[in-house]
Amino acid sequence: MADTLEFNEIYQEVKGSMNDGRLRLSRQGVIFKNSKTGKVDNIQASELAEGVWRRVALGHGLKLLTKNGHVYKYDGFRESEFDKLSDFFKAHYCLELAEKDLCVKGWNWGTVRFGGQLLSFDIGEQPVFEIPLSNVSQCTTGKNEVTLEFHQNDDAEVSLMEVRFYVPPTQEDGVDPVEAFAQNVLSKADVIQATGDAICIFRELQCLTPRGRYDIRIYPTFLHLHGKTFDYKIPYTTVLRLFLLPHKDQRQMFFVISLDPPIKQGQTRYHFLILLFSKDEDISLTLNMNEEEVEKRFEGRLTKNMSGSLYEMVSRVMKALVNRKITVPGNFQGHSGAQCITCSYKASSGLLYPLERGFIYVHKPPVHIRFDEISFVNFARGTTTTRSFDFEIETKQGTQYTFSSIEREEYGKLFDFVNAKKLNIKNRGLKEGMKQSYDEYADSDEDQHDAYLERMKEEGKIREENANDSSDGSGEETDSSFNPGEEDDDVAEEFDSNASASSSSGDGDSDRDDKKPAKKAKIVKDRKPRKKQPESKKGKDPNAPKRPMSAYMLWLNASREKIKSDHPGISITDLSKKAGELWKAMSKEKKEEWDRKAEDARRDYEKAMKEYSVGSKADSHRGEKLKKKKKKQEKQVKGKGDKKGATSKSSSSKSPAKGMSDSFKSKEFVSSDESSSAESKKEDSEDEGAASPPPSSEDSASGSD
């Protein structure tokens, strides 16, 4: 028999919600690692008292009871795994895995049994439901009634808030069954009561989340934050991790406490408690315990009288009471020598700390990402400036975190750190090029062509050249270099138009220039002449056969509806990604089937194209004949028009020359614009004469008179 058993996608019931993770059974005991929080539950084999197998909503479940009264529930097993688990429990834990089914009669009258930290409501010998007493936040009594209130669970979609039990009166004297019931509940319930004196008190500590100044009272089992407006009681069992992080200015320290479940303030949830300390602030601390109690409880980790920096004292006391290690930054060192990177997350600026097993961002909002939950990281180009870049992290659950506005000098250090931790880098880039220019760094994978990147490169080069030109020419330009004519020519060239300023507009501009200071010449960069487009672009014939689809597209059209039904509500982009994954995972035999269909479609297309090309040639031959015939008719009409235009010209020569003297100008006064316009008018008149119908006999007679 194997020494270990491992199960993936197992769910642990914690305070009404099911947290998925991995379960491992070995000779030494049972280990469960929560996928969401990374928290590890370790049950030693010697502590196991009972194992129960039963049918639950998610298949089959395993309930483990320990000798000290703790209960652990794991769901998500298959029915076929019972024999394997039963044999393993017998061989390594010397326990019989008992099968017990829940009662589903629906009765609400039964017997309550208290076993360890569990309240069980039974009908006969079968349990109906069980309540972990650690979930109880309050217990109140009535005449014949006991009410249990529970801690609210933010992760559960539906939370149980209250249960009421009717306790019938008994004939026994001196024993109140309601009070006995309540005492059994309160002895194991997670009801925080500040009884006795605090071990020590830290006054007026600066807290970033929740924001404000708080007195921290340290009790044996919980932490009490007392502020001017709000009070929080935090059990040490809810503390997941402790972090001690140096600020970038090297004068302050962050002390971060990770909480699960979080503390609440109205509808706001605080998963992290962040304290900010100055390194220069010292304190002398005396614990409210005698030396023997301190030695017995903390085993040398704390002493009755201590002194030192305030942040050291707080972290030392918390470490001893919570019994967890304090995480500090590893060997990462940024460009400026600090152990963190300045960046922005969402709308706020903060600090990103690369740790030995994850990343933590402080402070608004705080984010902690473990390496084992990261799917990949990505170095992205900055959206607003080329002097910074974005660092993106996507988790295996699909959550994406984008840390933006990171100075590009940090790229090399961060890339080396991520590479050393063997994280999957989606877009590696060229880290050597980061030292010289931004666009070298931002390159994507070599086997992919990024059109957007190429365009951004070109735009970046143009911006740099323009900036260099303007900086070089700013000291040499003078007012005398202003030339309106050249500027107009540049503008005309830029917009591909032949418009030119008239002499009158030029005179008006010169008058204005006498009053206003001259403008600097506008530098317009010479542009390459555009390629002339063909006069007539052949449009696509709607009657032409459509190109055949590839094997992948044929498969996608056939499988699209099935993918949509398997993943309701999937977006178009996600559907394309999913289809690509399915096609990649498809066997070679199935792909060959679609390749054959694509080949058949290609043959049909070639056959249709041959038929289409034969028909189009015949049509074009007919079209050429019609064009030749039309041109011949146009020439005949034009020849007749020229003859009639000559007769009209001779009649116009006999008209008086008075109008000519008014509009006459010598050759030197005729501007190029006017001459060109006159020529164009002459051509228009000739065209009109050619196109006009032949005059009647009456019109010709009046003209000769």
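Take residue 51 and decide whether it is touching a helix residue (DSSP H, G or I) at 6+ places or on another chain (Cβ under 9 Å) and under 25 Å from residue 27 (Cα atoms).
yes
Taking the range 45-89, which residues are of a type outside the set (Ser, Thr, Tyr) and within 37 Å of the chain's Cα centre (by Cα)?
56, 57, 58, 59, 60, 61, 73, 75, 76, 77, 78
I'd like to check something: does the range 315-326 contain any residue that is modelled with pLDDT of 85 or more, open to solvent by less than 90 Å² (accessible area, probe 1.4 Å) and outside any helix (DSSP H, G or I)?
Checked the range 315-326: at least one residue is modelled with pLDDT of 85 or more, open to solvent by less than 90 Å² (accessible area, probe 1.4 Å) and outside any helix (DSSP H, G or I).
Take the range 539-583 and flag every residue that is over 30 Å from residue 608 (Cα atoms) and in a loop (DSSP other than H, G, I, E, B).
Those that are over 30 Å from residue 608 (Cα atoms) and in a loop (DSSP other than H, G, I, E, B): 567, 568, 569, 570, 571.
Out of 88, 114, 82, report the one residue that is among the hydrophobic types (A, V, I, L, M, F, W, C), touching a residue at least 40 places away in the same chain (Cβ under 8 Å) and farther than 23 Å from residue 183 by Cβ.
So the residue among 88, 114, 82 that is among the hydrophobic types (A, V, I, L, M, F, W, C), touching a residue at least 40 places away in the same chain (Cβ under 8 Å) and farther than 23 Å from residue 183 by Cβ is 88.
Would you confirm whether any residue within the range 272-291 is open to solvent by less than 70 Å² (accessible area, probe 1.4 Å), touching a residue at least 12 places away in the same chain (Cβ under 8 Å), among the aliphatic types (A, V, I, L, M) and outside any strand (DSSP E or B)?
Yes, the range 272-291 has at least one match.
Return the residues of the range 355-391 that are out of contact with any Gly (no Cβ under 7 Å at 6 or more places or on another chain) and assigned to a strand (DSSP E or B); say none if nothing qualifies.
358, 359, 360, 367, 374, 375, 376, 377, 378, 380, 381, 391
Farther than 26 Å from residue 239 by Cα and either hydrophobic (A, V, I, L, M, F, W, C) or not assigned by the TED database to the domain that holds residue 38 (or both): does that describe residue 338?
yes
Out of all the residues in the range 115-127, which are of a type outside the set (Val, Ile, Thr) and in a strand (DSSP E or B)?
Listed by number, the residues that qualify are 115, 118, 119, 120, 121, 122, 126, 127.
Restricting to the range 212-259, what's the tally of residues that are among the β-branched types (Val, Ile, Thr), within 14 Å of residue 322 (Cα to Cα) and in a strand (DSSP E or B)?
Residues that pass the stated criteria total 5.
Checking the conditions here, which among 69, 124, 142, 115 is on the phi > 0 side of the Ramachandran plot and either surrounded by 17 or more Cβ atoms within 10 Å (Cβ to Cβ) or not assigned by the TED database to the domain that holds residue 53 (or both)?
Sole residue among the options that is on the phi > 0 side of the Ramachandran plot and either surrounded by 17 or more Cβ atoms within 10 Å (Cβ to Cβ) or not assigned by the TED database to the domain that holds residue 53 (or both): 124.
Take the residues of the range 197-216 that are surrounded by fewer than 14 Cβ atoms within 10 Å (Cβ to Cβ) and either polar (S, T, N, Q) or in contact with a strand residue (DSSP E or B) (Cβ under 8 Å, 6 or more places away or on another chain) (or both): which is nearest to residue 270 (Cα to Cα)?
Filtering the range 197-216 for residues that are surrounded by fewer than 14 Cβ atoms within 10 Å (Cβ to Cβ) and either polar (S, T, N, Q) or in contact with a strand residue (DSSP E or B) (Cβ under 8 Å, 6 or more places away or on another chain) (or both), the one nearest to residue 270 (Cα to Cα) comes out as 213.
Of the residues in the range 339-364, how many are modelled with pLDDT of 90 or more and farther than 19 Å from residue 419 by Cα?
9
Please find, among 559, 616, 576, 550, the residue that is in contact (Cβ under 8 Å) with a residue 60 or more places away in the chain, surrounded by 10 or more Cβ atoms within 10 Å (Cβ to Cβ) and small (Gly, Ala, Ser).
616
Could you check residue 582 against (1) without any contact (Cβ under 8 Å) to a residue 24 or more places away in the chain; (2) out of contact with any Ser or Thr (no Cβ under 9 Å at 6 or more places or on another chain) and say which number it fails?
Looking at each condition in turn, residue 582 falls short on (2).
So if I check each of 564, 638, which one is at pLDDT below 85 and open to solvent by 60 Å² or more (accessible area, probe 1.4 Å)?
On inspection, the qualifying residue turns out to be 638.
Let's see how each residue does on (1) under 37 Å from the mean Cα position of the chain (by Cα); (2) in a loop (DSSP other than H, G, I, E, B):
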position	(1), (2)
38	yes, yes
41	yes, no
107	no, yes
113	no, no
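The values are calculated or read from the model by the stated rules, or taken from the named source; none is laboratory data. Keep in mind it's a predicted model, so treat the numbers as computed, not measured. For neighbour counting, all protein chains shown are included, and Cβ atoms are generated from backbone atoms with ideal geometry for every residue, glycine included. Keep in mind that these areas ignore ligands, DNA and RNA; they rest on the heavy atoms of the full protein, side chains included. Shrake-Rupley method; radii C 1.70, N 1.55, O 1.52, S 1.80 Å.
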